[in-house]
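The values are calculated or read from the model by the stated rules, or taken from the named source; none is laboratory data. Only a predicted model underlies this, so the values are computations on that prediction, with no experimental measurement involved. Glycine gets a Cβ as well: all are built from the backbone with ideal geometry, and neighbour counts include every protein chain shown.
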């Protein structure tokens, strides 16, 4: 049970520190509402859930990388910047893919 409490502590840290994490959660909520509104299929739900999960997971990992880099050095270092930039880029890739998945799923429902 302690392991779960550590995970939830991490979630609270994210909610306090990283407004982008909160924005991802709000966006996920809106997308889920659209899914119910348009009565999407099981396969479409699966794609939406996996997309949401990946974006949120990458954002969590990105924040963890930022914390570790900040722990290691307070000074500017090009490698520290590269680590943060690459981690942020992973979130961007996941978000773009999720956006495309969302378009492919919802556009046909909108124009029925």
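Here are some notes:
- Set side by side, the residues 51, 90 differ, and just one is outside any loop (DSSP other than H, G, I, E, B), in contact (Cβ under 8 Å) with a residue 40 or more places away in the chain and within 18 Å of the chain's Cα centre (by Cα), which is 51.
- Among the residues listed as 32, 72, the single one being at pLDDT 95 or above and out of contact with any helix residue (DSSP H, G or I) (no Cβ under 6 Å at 6 or more places or on another chain): 32
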